[in-house]
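Please read the structure below before turning to the comments.
The values are calculated or read from the model by the stated rules, or taken from the named source; none is laboratory data. Just so it is clear, the structure is predicted and the values come from calculations on it, not from any experiment. Only protein heavy atoms, including side chains, enter the accessible area calculation; ligands, DNA and RNA are left aside. Shrake-Rupley method; radii C 1.70, N 1.55, O 1.52, S 1.80 Å.
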Amino acid sequence: VEGNGDFILSDNKTHSLYGKYSSLIISVYGGGDKDMYVMLIDKSEKELKISKVQDGHAEFYYLKPGNCYLKLFVDDNGNGIWDTGEYALDKQAEKVYYYNKEVECKEKWDVSIDWNLNALSTERQKPSVLIQQKGDKEKTIRYRNYDYMQQHKRQYAKQLNTYKNFVR
């Protein structure tokens, strides 16, 4: 390619080969000889791109600038997708690993990452940004003794008056 790397497609717009994209090369260690796939994911764990690990490396080219996270799964059955477990067959889900840092891709950058899958335990790998917890329901203070006495007013009339002044 000669010139500045721009070319024209059938839509008559100028497109650039250079400058607007990033590349990411990941060296994976500690995974053994099974098939593995690395996924680029966003904060909501939506898959952006996927690449098979070959000779210990996964490569991503023409990435839009921005931040992303890495997720790797070991493909035990060789079908190229992550499989959940089956309780009835006593089969575990395929093993998943997370790179514990955010990956930043900038225009014109070639990012290189060394990822040792066994550097951290699997419980500590997932970045805190990706951990989603359900919000606690609004907690209310319950006065179970008082509620019980309310239901049985006749038996507990004396205690109820004392308890009412104390609690409420």
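Projection of the Cα convex hull of region 49-93, averaged over all directions and equal to a quarter of that hull's surface, yields 4.4 nm².
For region 61-120, the spread of Cα coordinates along the three principal axes comes to 49, 25, 16 Å, biggest extent given first. The stretch between Glu102 and Leu89 holds 1.1 nm of extra length on full extension. This uses 0.36 nm per residue minus the Cα-Cα distance.
For the set Lys43/Lys91; Lys43/Lys71; Lys52/Lys106, the pairs lying more than 21 angstrom apart at their alpha carbons are Lys43/Lys91; Lys52/Lys106.
Carbon-plus-sulfur accessible fraction, region 82-136 (probe radius 1.4 Å, protein heavy atoms only): 44%.
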